[in-house]
Amino acid sequence: MGTVHKLRGPQVTVSEAVEAFLAHYVADLAPKTRTAYSATLALFTAEFGDADAFGLDPDALATWFRSRWGERSASTWNQNRSALKSAASWWNEGIRRTEGQHWGIPDLFARIGPRDVPAKGDRALTREQIRRLLDDTRVPIRERALWALLYESAARVHEVLALNVEDVDAQNHRAKVVRKGGASDTIIWQRQGAMLLSRYLKGRKRGPLFVTERAARRDLGLAAADLDERGRARLSYDQGEDIFKRWSGGATFHQLRHSSLSHDADAGTGAPMLMAKSGHKDIRSLARYAKVSTEGLAKHQRDSDPNRRAPLRLRLSSSCARGGRSR
């Protein structure tokens, strides 16, 4: 750990505390962790930077933390909590190793507990859950069209939200997208997605495919490519997912992609077709999503069993035929 310099005066601001942590602890971490910690602490500093780090109210901090990450996944919640807890721990434990440098900052995060992260195998929604979401007429048509495209195509969310109306071949239920890594590819959806999308577009010919309900403020300075004819802006990931979470009971956009691939795998779809649908280039990455259920495996075993007994009606028909020939 690098040399820690004493801070001026008896008060330590949040900005000063974060600066010391970034310089003498985060600098030694792996690049990915360093980036994540820096992003979390930048938000923390933006909110509380001038405040006395000794006097922060854990209740106020918990309220802020929930407003930032309360609607995000358990993994995201825990990652940001871990960054802040690491900073507080270093302030009180790491610096204590240098004589006179213990700051005595209380546990700022006593009101923020960790969340349980669901097992990966439990992330797929059921077919019935998907059907209810897409058939629920109380849900605005924009949301149902977006959810249908995400589920039926198994595309990544950013791939669909980046689409313009001009990219869509409505007659053939497909669109050109830019995949992760920059490669061009085609996604294809099914009949329900096509019907919902047609109802949503109402003849629109250009602009972002999925847009906000109201026109964007002019002072935002959005590019013309991100506005439709009525000045509505491209729908953002966060806004779209917040709405999906409310209607789905907390599920995430990513679970639509996961569910699509899992349901296809359950139905016996092979790896090459699944990879063409999802845009995966590595079968090991696909394997994390395309989980076959116990029921799906049991059905496959029954259907492919060469020694399975024929249905009763077929056995009776075969018996009668043999009996007729014997006479």
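The values are calculated or read from the model by the stated rules, or taken from the named source; none is laboratory data. This structure is a prediction, so every number in the text was calculated from the model and none was measured. For neighbour counting, all protein chains shown are included, and Cβ atoms are generated from backbone atoms with ideal geometry for every residue, glycine included. Side chains included, ligands, DNA and RNA excluded: accessible areas come from the protein's heavy atoms. Shrake-Rupley method; radii C 1.70, N 1.55, O 1.52, S 1.80 Å.
Just to check your reading of the model, which residue among 103, 91, 64 is at pLDDT 80 or above and surrounded by 12 or more Cβ atoms within 10 Å (Cβ to Cβ)?
It is 64.
Once segment 25-59 is narrowed to residues that are modelled with pLDDT of 90 or more and of a type in the set (Gly, Ala, Ser), the residue that is surrounded by the fewest Cβ atoms within 10 Å (Cβ to Cβ) is 46. Kindly indicate whether any position in segment 294-301 is over 29 Å from residue 135 (Cβ atoms) and of a type outside the set (A, V, I, L, M). Among the residues of segment 294-301, at least one is over 29 Å from residue 135 (Cβ atoms) and of a type outside the set (A, V, I, L, M), which makes the answer yes. In segment 135-162, of all residues being open to solvent by 10 Å² or more (accessible area, probe 1.4 Å) and over 18 Å from the mean Cα position of the chain (by Cα), the one that is nearest to residue 227 (Cα to Cα) corresponds to 142. Name the single residue, out of those in segment 267-278 being of a type outside the set (A, V, I, L, M, F, W, C) and part of a helix (DSSP H, G or I), that is most open to solvent (accessible area, probe 1.4 Å). Among those residues, the one meeting the criterion is 272. Restricting to segment 249-266, name every residue that is within 20 Å of residue 159 (Cβ to Cβ), part of a helix (DSSP H, G or I) and not aliphatic (A, V, I, L, M). Passing the criteria: 253, 254, 255, 257, 258, 259, 260, 262, 263, 264.
Candidates are the residues of segment 250-266 that are small (Gly, Ala, Ser) and over 23 Å from residue 299 (Cα atoms); the one that is surrounded by the fewest Cβ atoms within 10 Å (Cβ to Cβ) is 250. A residue that is closer than 30 Å to residue 255 by Cα and modelled with pLDDT under 80 cannot be found anywhere in segment 2-12.
Comparison of 82, 75 shows that the only residue that is among the hydroxyl-bearing types (Ser, Thr, Tyr) and loosely packed, with under 14 Cβ neighbours inside 10 Å is 75. Sub-8 Å Cβ pairs linking a first residue in segment 283-307 that is at pLDDT 75 or above to a second residue that is open to solvent by 90 Å² or more (accessible area, probe 1.4 Å), at least 6 apart or interchain, are 302/308, ordered by first then second residue.
Considering only residues in segment 162-200 that are aliphatic (A, V, I, L, M) and in contact with a Pro (Cβ under 8 Å, 6 or more places away or on another chain), the one that is nearest to residue 254 (Cα to Cα) turns out to be 163.
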